[in-house]
Protein chains: 2
Amino acid sequence: MARRPRRSSGPLDFRAQAILRAVIEEYVTSAAPVSSQALVERYGLGVSSATVRNVLAELEAFGYLTHPHTSAGRVPTDAGYRLYVESIAEGESPPPVEQRMIRHQFGQVEYASEHWFRLAASTLAGLTRSAGLATPAKPEAARIRRVDLVAINERLASLILVLREGTIKQLMVNLPAPTDQADLAAIAARLDDLAAGLTADELGTRLGRLAEDAASGGADEPRTMDLILLVGGRIVRTLREFDAAVIEDVFSDGLLNVMEAPEFAQSDKLRRVFAALENRAYLGRLVEAVARAGVTQVFIGHENLPAEMTEVSLVLAPYGQPGRAVGVVGVLGPTRMAYPHAIGTVRFVSGLMNELVEHLYA
Amino acid sequence: MARRPRRSSGPLDFRAQAILRAVIEEYVTSAAPVSSQALVERYGLGVSSATVRNVLAELEAFGYLTHPHTSAGRVPTDAGYRLYVESIAEGESPPPVEQRMIRHQFGQVEYASEHWFRLAASTLAGLTRSAGLATPAKPEAARIRRVDLVAINERLASLILVLREGTIKQLMVNLPAPTDQADLAAIAARLDDLAAGLTADELGTRLGRLAEDAASGGADEPRTMDLILLVGGRIVRTLREFDAAVIEDVFSDGLLNVMEAPEFAQSDKLRRVFAALENRAYLGRLVEAVARAGVTQVFIGHENLPAEMTEVSLVLAPYGQPGRAVGVVGVLGPTRMAYPHAIGTVRFVSGLMNELVEHLYA
DNA sequence: GGTTAGCACTCACCACCATAGAGTGCTAAC
DNA sequence: GTTAGCACTCTATGGTGGTGAGTGCTAACC
């Protein structure tokens, strides 16, 4: 039931928007319902508390605010936060001093390694006092750069796949018959030739053809050929799994920051937040959505479908090169979050990651 | 202040021990202070509640039990749990059906991969309804099995180290001058020759000698030699770091199980448990102690020094081959834990991991 | 028309008290 | 050494009244 639009063409006049903004900013710092008087005192609104009350009632009618109970102040709803967030697009970037410090820290760290993503997560956590999240950049369809086989013992070998972006997959292969390092090296060389530059599907078809040739009496010894097909099959399967996996890993840091927020003083809420963070499947889906969309997104409270996440918000930004490899960085905090600061910080870090990733494709 | 030892030579007579055991077992299931009457009703003690009360008072004087307040039942102290744990050495292994199921699950999983340790952690978590922990087996001094270099772009290469046990280390190397894959392959081959089978220290001295030879006019082109020394140095450093790291990774699962325990209903306690689990440094130290000692150990409440951990207990068991590679599996739960079950389960899983690891050295 | 002072009303919060019940410690009898 | 019995202690529960914050509404004001 929409009601009395007033004074301006939009559903919400300018003053109402300013007051909504004030309520949110006050609530973000105080964590307590905001009264009309507090708004008049702390924000130069130039009207009396009675007038503010009228506007607050209006904002509540539109669904942007609520009331815990009759004699309490106002609290923003998810819709209120949403409206607010839409109005701040860019956010507040960290001050230049901090930007330099962060750049410096990234310079200190092993390039493109796990440490990189841990650092991104912990930087975000530190700057926003929320939980920081970071996922490695992942290509859409992995391409093989190098195949290697190392004998662990005569029935067990370690298969090493280097992908185009430098990531590595390793797995153990049980050998059907005792095989020494020399034989393995030969097989690895064949596979390296065969697979270099290919995706899972391309390698799959090429192996298929090879198998046909072999059946009609190819050049190779049958035992060698069997091994090539065996290991090749494993490679294809591993790559397919990797491609299918939404997001390989979500590094997180600073969960304790979130848990210290007063809204999680009741232990069941605390538990739910924790469960939300553990639920990597869902987190992965959000992350994927952001990676696909290619723009910074904010998920607020109930917009994050699972029940555990209704009291938290996420700010996620993609980085990397669309079509080649994309990762996501972001923060997770209580819905009562300093959005401009969070958005600005996440954008800055994603920009930084962007620059850094470029070198991988230079 | 020790007091009135009675009836038997030891500080605690047989009946007192039985009652202590009963208190603990009752408390473990009920999570509430145990009254003298509950003990008489549920455990066939053959005496009246008044007699039990006398014994309880005695046990309290010895420090094995406490009182939350005058009119409450008894609760075991850490010392009480300790005495109890000392008396159950072996613990209760899982029933054969479950043992078979677990073995089967391990069979389904990628050999010696990350999944292995995740599975160990989640199996332990599931069986004990606590948090499960597992660390990969880590050698005392890593030995190189294989060195490889893959060009990412002309100024950036991926350095791949395969260690003797099949674990892999990967790092990025910035190249001082543009270098193509062919040159890299040559350098990698030289390093592979040079480093195979060596530890960090051994490789370090060998590189030192090489540098001397080169200074006095060696066979190689100086640019090649520089690169070999550069990359060689990185290898030595990486290996040293790896050796120094107490424990590479602690996989954990089922933290939510622990958080659901009623003793963590207050959110600050919950937070502390969570902080304890996050504090990998300390967990690492305990794990290392167990790896060194080579036997299953139980850490109870205050015995786990940091303040966050005073309300949790750990059961940790080593696996692997002493002197070659050792890892640790275990569980973390509230001090009010079903110790016999936890100990038995942890021992079973560590035994299983032992068997599995043996294949790596077969 | 919008704005504002004033006031009645609502409701969470707190302190206070009384009661009930659980479980002990002690004493005296067995 | 054991036990029945009882006084005692302390928590937990629920009800009560007062306080204060903050609203919503009305009527006057500009």
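Can you spot a residue in the range A:204-213 that is in a helix (DSSP H, G or I), touching a residue at least 24 places away in the same chain (Cβ under 8 Å) and either in contact with a Lys or Arg (Cβ under 9 Å, 6 or more places away or on another chain) or away from chain B (no Cβ under 14 Å) (or both)? Can you show your working first?
Start the filter on the range A:204-213 by keeping residues that are in a helix (DSSP H, G or I), which leaves A:204-213.
Among the residues that remain, those that are also touching a residue at least 24 places away in the same chain (Cβ under 8 Å) are: A:204, A:207.
Right, trim to either in contact with a Lys or Arg (Cβ under 9 Å, 6 or more places away or on another chain) or away from chain B (no Cβ under 14 Å) (or both) and you get A:204, A:207.
Yes, some residue in the range A:204-213 is in a helix (DSSP H, G or I), touching a residue at least 24 places away in the same chain (Cβ under 8 Å) and either in contact with a Lys or Arg (Cβ under 9 Å, 6 or more places away or on another chain) or away from chain B (no Cβ under 14 Å) (or both).
Conditions tested, residue by residue: (1) within 29 Å of B:A245 (Cβ to Cβ); (2) buried (at least 16 other Cβ atoms within 10 Å of the Cβ).
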position	(1), (2)
B:G166	yes, yes
B:A196	yes, no
B:L203	yes, yes
B:D213	no, no
B:I228	yes, yes
B:G232	yes, yes
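Pairs only if they're at least six apart or on different chains, beta carbon under 6 angstrom, first in the range A:164-193 and within 14 Å of another protein chain (Cβ to nearest Cβ) and assigned to a helix (DSSP H, G or I), second surrounded by 18 or more Cβ atoms within 10 Å (Cβ to Cβ) and among the charged types (D, E, K, R); list them, first residue then second.
From residues that are within 14 Å of another protein chain (Cβ to nearest Cβ) and assigned to a helix (DSSP H, G or I), the pairs are A:A188/A:D148.
Of everything in the range A:111-127 that's within 13 Å of another protein chain (Cβ to nearest Cβ) and of a type in the set (F, W, Y), which residue is nearest to the chain's Cα centre (by Cα)?
That would be A:W116.
Looking at the range A:66-95, I want the residues that are under 21 Å from A:E303 (Cα atoms) and have a partner that is among the hydroxyl-bearing types (S, T, Y) and surrounded by fewer than 19 Cβ atoms within 10 Å (Cβ to Cβ) with Cβ atoms under 6 Å, at least 6 apart or on another chain. Which pairs are those?
A:V75/A:T66; A:T77/A:T66
If I go through the range A:256-266 residue by residue, how many of them are surrounded by 18 or more Cβ atoms within 10 Å (Cβ to Cβ), small (G, A, S) and free of Cβ contacts under 8 Å to residues at least 40 places away in the same chain?
So in the range A:256-266, the residues surrounded by 18 or more Cβ atoms within 10 Å (Cβ to Cβ) come out as A:257-259, A:261, A:264.
Subset that is small (G, A, S): A:261.
Still in the list and also free of Cβ contacts under 8 Å to residues at least 40 places away in the same chain: none.
Qualifying residue count, the range A:256-266: 0.
Being crowded, with 17+ Cβ neighbours inside 10 Å and farther than 29 Å from A:Q170 by Cα: is that true of B:Y81 here? Full working, then the answer.
Working: crowded, with 17+ Cβ neighbours inside 10 Å: yes; farther than 29 Å from A:Q170 by Cα: yes.
Yes; evaluated as a whole, the condition is true for this residue.
If I ask for residues that are touching a strand residue (DSSP E or B) at 6+ places or on another chain (Cβ under 7 Å) and within 22 Å of B:R336 (Cα to Cα), which ones from the range B:274-301 would you list?
Hits for the range B:274-301 are B:A276, B:L277, B:L286, B:V287, B:V290, B:T296, B:Q297, B:V298, B:F299, B:I300, B:G301.
On the given criteria, is A:A31 near DNA strand C (Cβ under 10 Å from one of its atoms) and away from chain B (no Cβ under 14 Å)? First the steps, then the outcome.
Numbers: near DNA strand C (Cβ under 10 Å from one of its atoms): no; away from chain B (no Cβ under 14 Å): yes.
No.
What's the number of the condition A:Q108 fails, among (1) away from DNA strand D (no atom under 16 Å from the Cβ); (2) closer than 27 Å to A:L314 by Cα; (3) of a type outside the set (D, E)?
Looking at each condition in turn, A:Q108 falls short on (2).
Which of the residues belonging to the range B:270-281 are surrounded by 16 or more Cβ atoms within 10 Å (Cβ to Cβ) and more than 8 Å from every other protein chain (Cβ to nearest Cβ)?
Residues satisfying the conditions are B:R272, B:V273, B:A276, B:L277.
If I filter the range B:57-74 down to residues being crowded, with 18+ Cβ neighbours inside 10 Å and closer than 17 Å to B:V28 by Cα, which single residue comes out as nearest to DNA strand D (Cβ to nearest atom)?
So the residue we want is B:G73.
Could you please find all residues in the range A:260-269 being within 7 Å of another protein chain (Cβ to nearest Cβ) and either in a helix (DSSP H, G or I) or among the hydrophobic types (A, V, I, L, M, F, W, C) (or both)? Walk me through how you get there before you give the answer.
Quick first cut of the range A:260-269, residues within 7 Å of another protein chain (Cβ to nearest Cβ) only: A:264-267.
A:F264, A:A265, A:S267, listed by residue number.
Could you please tell me which pairs satisfy a Cβ distance under 6 Å, a separation of 6+ or placement on different chains, a first residue in the range B:19-40 that is within 19 Å of B:A265 (Cα to Cα), and a second residue that is of a type in the set (V, I, T) and within 15 Å of DNA strand D (Cβ to nearest atom)?
Short answer, once both residue conditions are applied: B:P33/B:V75.
If a residue counts only when it is closer than 29 Å to A:A275 by Cβ, which helices (runs of 4 or more DSSP H) contained entirely in the range A:41-151 have at least 3 such residues? Steps first, please.
Values: elements: A:49-61, A:78-86, A:96-107, A:114-128.
Of the helices (runs of 4 or more DSSP H) lying wholly inside the range A:41-151, those with at least 3 residues that are closer than 29 Å to A:A275 by Cβ span A:78-86, A:114-128.
If only one of B:E58, B:E92 is within 10 Å of DNA strand C (Cβ to nearest atom) and away from chain A (no Cβ under 14 Å), which one is it?
Values: B:E92 fails: within 10 Å of DNA strand C (Cβ to nearest atom).
The unique qualifying residue is B:E58.
Got at least one residue in the range A:277-290 being in contact with a Lys or Arg (Cβ under 8 Å, 6 or more places away or on another chain) and touching a residue at least 24 places away in the same chain (Cβ under 8 Å)? Working first, answer last.
Going residue by residue through the range A:277-290, those that are in contact with a Lys or Arg (Cβ under 8 Å, 6 or more places away or on another chain) are none.
For the range A:277-290, residues in contact with a Lys or Arg (Cβ under 8 Å, 6 or more places away or on another chain) and touching a residue at least 24 places away in the same chain (Cβ under 8 Å): absent.
Name every residue in the range B:96-110 that is within 14 Å of chain A (Cβ to nearest Cβ) and either free of Cβ contacts under 8 Å to residues at least 60 places away in the same chain or closer than 30 Å to B:E303 by Cα (or both), in order of residue number. Let's see the steps before the verdict.
To start, the set of residues in the range B:96-110 that are within 14 Å of chain A (Cβ to nearest Cβ) comprises B:106-110.
B:G107, B:Q108, B:V109, B:E110 - these are the residues of the range B:96-110 that are within 14 Å of chain A (Cβ to nearest Cβ) and either free of Cβ contacts under 8 Å to residues at least 60 places away in the same chain or closer than 30 Å to B:E303 by Cα (or both).
Which of (1) crowded, with 18+ Cβ neighbours inside 10 Å; (2) modelled with pLDDT under 90 does B:T296 not meet, given it meets every other one?
(2)
Please tell me if A:S9 is modelled with pLDDT under 95, away from DNA strand D (no atom under 13 Å from the Cβ) and away from chain B (no Cβ under 14 Å).
On the way: modelled with pLDDT under 95: yes; away from DNA strand D (no atom under 13 Å from the Cβ): yes; away from chain B (no Cβ under 14 Å): yes.
Answer is yes for this residue.
What residue, among those in the range A:310-346 that are surrounded by fewer than 21 Cβ atoms within 10 Å (Cβ to Cβ), in contact (Cβ under 8 Å) with a residue 40 or more places away in the chain and closer than 30 Å to B:S158 by Cβ, is farthest from the other protein chains (Cβ to nearest Cβ)?
Looking at the filtered set, the residue picked out is A:G323.
So A:G107 passes all but one of these: (1) within 25 Å of A:V236 (Cα to Cα); (2) out of contact with any strand residue (DSSP E or B) (no Cβ under 8 Å at 6 or more places or on another chain). Which condition number does it fail?
Every listed condition holds for A:G107 apart from (1).
B:F251 versus (1) within 14 Å of chain A (Cβ to nearest Cβ); (2) surrounded by fewer than 17 Cβ atoms within 10 Å (Cβ to Cβ); (3) not acidic (D, E): which is the lone unmet condition?
(2)
Assess whether B:D148 counts as being facing chain A (nearest Cβ under 9 Å) and surrounded by 15 or more Cβ atoms within 10 Å (Cβ to Cβ). Before you say what the answer is, go through the steps one by one.
Details: facing chain A (nearest Cβ under 9 Å): yes; surrounded by 15 or more Cβ atoms within 10 Å (Cβ to Cβ): yes.
For B:D148, the condition - facing chain A (nearest Cβ under 9 Å) and surrounded by 15 or more Cβ atoms within 10 Å (Cβ to Cβ) - is met.
Just for the range A:151-161: of the residues that are at the interface with another protein chain (Cβ under 7 Å from one of its Cβ atoms) and surrounded by fewer than 22 Cβ atoms within 10 Å (Cβ to Cβ), which one is nearest to the chain's Cα centre (by Cα)? Steps first, please.
From the range A:151-161, those at the interface with another protein chain (Cβ under 7 Å from one of its Cβ atoms) are A:152-153, A:156, A:158, A:160; that's our starting set.
Filter again for surrounded by fewer than 22 Cβ atoms within 10 Å (Cβ to Cβ), leaving A:153, A:156.
Numbers: A:N153: 40, A:L156: 36 Å.
Per the stated criteria, the residue is A:L156.
Considering only the range A:12-55, state which residues are hydrophobic (A, V, I, L, M, F, W, C), touching a helix residue (DSSP H, G or I) at 6+ places or on another chain (Cβ under 6 Å) and within 13 Å of DNA strand D (Cβ to nearest atom).
Step one: filter the range A:12-55 for residues hydrophobic (A, V, I, L, M, F, W, C), giving A:12, A:14, A:16, A:18-20, A:22-24, A:28, A:31-32, A:34, A:38-40, A:45, A:47, A:50, A:52, A:55.
Now restrict to residues that are touching a helix residue (DSSP H, G or I) at 6+ places or on another chain (Cβ under 6 Å): A:16, A:19-20, A:22, A:24, A:31, A:34, A:39-40, A:52, A:55.
Those that are hydrophobic (A, V, I, L, M, F, W, C), touching a helix residue (DSSP H, G or I) at 6+ places or on another chain (Cβ under 6 Å) and within 13 Å of DNA strand D (Cβ to nearest atom): A:I19, A:A22, A:A31, A:V34, A:L39, A:V40, A:V52, A:V55.
The values are calculated or read from the model by the stated rules, or taken from the named source; none is laboratory data. Model, not experiment: these values are computed from the prediction. Please note: Cβ atoms are built from the backbone with ideal geometry, for glycine as well, and neighbour counts cover all protein chains shown.
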